[in-house]
1. Cross-link candidates for LYS42: which aspartates and glutamates have Cα within less than 19 Å, leaving aside residues fewer than 8 places away along the same chain?
2. Which value, in nm² and rounded to one decimal, describes the direction-averaged projected area of the C-alpha convex hull of segment 61-165?
3. Under a point-charge model restricted to the Cβ atoms of Lys and Arg (+1) and Asp and Glu (-1), what is the dipole moment magnitude of segment 61-165 relative to its Cα centre, in debye to the nearest 20?
4. So, R0 is 35 Å and r is the distance between the beta-carbons of GLU174 and ALA14; what FRET efficiency does that work out to, to 0.05?
5. Say we join alpha carbon atoms closer than 10 Å with springs in a Gaussian network model of the chain; which of THR70, THR116, THR134 then has the biggest fluctuation?
6. I need CYS53, CYS47, CYS161, CYS117 ordered by Cβ neighbour count within 10 Å, fewest first.
7. Could you work out how much longer the chain between ASN127 and SER60 gets when fully extended? Use 0.36 nm per residue separation minus the Cα distance between them, nm to one decimal.
8. How far is the Cα center of segment 57-124 from the Cα center of segment 125-173, in Å?
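Coordinate-derived values only; no laboratory data. A quick note: this is a predicted structure, and the numbers were derived from the prediction, not measured. Because the Cβ atoms are built from the backbone with ideal geometry, glycine has one as well, and the counts that use them run over all protein chains shown.
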Amino acid sequence: MARIPIIDRVDMQAEQAQVYDKAKNSSGIVGGPYHAYIRLPKLFEACQNLRECLSSGPLSRREQQIVNLTVARHWNARYPWFAQVRRSLAVGLDQPVIDAINAGKTPSLADARERTCFAVPRELLANKRLSSETYAAAERAMGLESLVALVALTGSFSMTCLTASTFEIDPPAENPTPLAE
């Protein structure tokens, strides 16, 4: 049960309804932490814009999902984990990769960019910075633009995870790959 009451569309104030409808019509993403963000419609809209900006940036869909799974696992964020597992499977990540991240292990990834999309957020969140060695390797593997996007996605999705966890926005009961305890 969420700590925050979920506002039904019919009960929203005009500005809330406007940003909700815009998000529903463009990306369809209006659940999870957006149940909290709707209380601040400008924040809701800014989060939608940032999500859209990062999803159309230099990281592939698979790379984005590796980052998001790594971040959700770090924060033990159950709803974001649920949503990202579903999306990860849709973009072709294999269940063993998802299971390894869920278990706190390094997944087997053949692609250097994908390995970097796991290593950077894992180190950044654990150590609050990247070592010179990891930074240099990431810049070589990704290029500077992709590395900027990778770090920004790590931070942005951390906010998503913290919001969902704080307000106890839980996944549905029919969750095929629950977050490991």
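1. Those aspartates and glutamates meeting the cut-off are ASP8, ASP11, GLU15, ASP21, GLU52.
2. Working: hull surface 23.4 nm².
Over every viewing direction, the Cα hull of segment 61-165 projects on average to 5.8 nm².
3. That gives a dipole near 280 debye.
4. On the way: r = 34 Å, r/R0 = 0.98.
The pair GLU174/ALA14 has a calculated efficiency of 0.50.
5. Among THR70, THR116, THR134, the largest mean-square fluctuation in the Gaussian network model of the chain belongs to THR134.
6. Working: CYS53 12, CYS47 21, CYS161 25, CYS117 31.
If I rank by nearby Cβ atoms, fewest first, I get CYS53, CYS47, CYS161, CYS117.
7. 21.6 nm
8. 10 Å
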